[in-house]
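Just below is one structure, and these are the notes that go with it.
The values are calculated or read from the model by the stated rules, or taken from the named source; none is laboratory data. On a predicted model such as this, the values are computed, not experimentally measured, just so you know. When we count neighbours, we look across all protein chains shown, and the Cβ atoms used for this are built from the backbone with ideal geometry, even at glycine. The accessibility values were calculated without ligands, DNA or RNA, using every heavy atom of the protein model including side chains. Shrake-Rupley method; radii C 1.70, N 1.55, O 1.52, S 1.80 Å.
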Amino acid sequence: MRFVDASEFSKMSQALELAAFQGIVNKHIDSTKEKLQKSWFPEIQNFYFQGSKRRIVPNSHNPKKLQSFFNCAAALMTRNLQVLGINSILDYTNLLCKQEVSLEHLAKTAFQTKLQRKI
């Protein structure tokens, strides 16, 4: 899943006007948001419900464990959304740039920039 489906643009043989491009991108983003709201989040809720039924999720009698559990779950959910965002940005960047950009390349470039500033 991505916020913008770059493959749709790479298949096009003609240039797009900016308004048409923006319309397609907005449609992709709305579609992804809908999938997150109607599929991803309800699956997470179901996961918690099933875990509660099986007594895998800490109960409210132990608030510290319950808080720790939800903090871990929130961190995992945040990580999933961050990866979705980063992968979408990389796809979009690769669509617009002729040179393939990877996450490793971005990290290396950022590291080199920080080193140059300090020297």
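How much length, in nm to one decimal, is gained on full extension between L18 and L95, taken as 0.36 nm per residue of separation minus their Cα-Cα distance? Intermediate values should be presented prior to the final figure.
Working: separation 77, 0.36 × 77 = 27.72 nm, distance 1.49 nm.
That works out to 26.2 nm of additional length.
If you wrap the stretch 1-104's Cα atoms in a convex hull and average its projection over all directions, what's the area in nm²? Write down the numbers at each step before the final one.
Numbers: hull surface 35.8 nm².
Spelled out: convex hull of the Cα atoms, projected over all directions, averaged, 9.0 nm².
Ordering C72, C97 by accessible surface, largest first, gives C72, C97; the 1.4 Å probe counts only protein heavy atoms, with every chain in place.
So if we plug the beta-carbon distance of A74 and E104 into 1/(1 + (r/R0)^6) with R0 = 22 Å, what FRET efficiency do we get, rounded to 0.05? Provide the component values of the computation, followed by the final result.
Numbers: r = 27 Å, r/R0 = 1.24.
Calculated transfer efficiency: 0.20.
The order of the peptides 59-66, 46-53, 87-94 by mean Cβ neighbours within 10 Å, most packed first, is 87-94, 46-53, 59-66.
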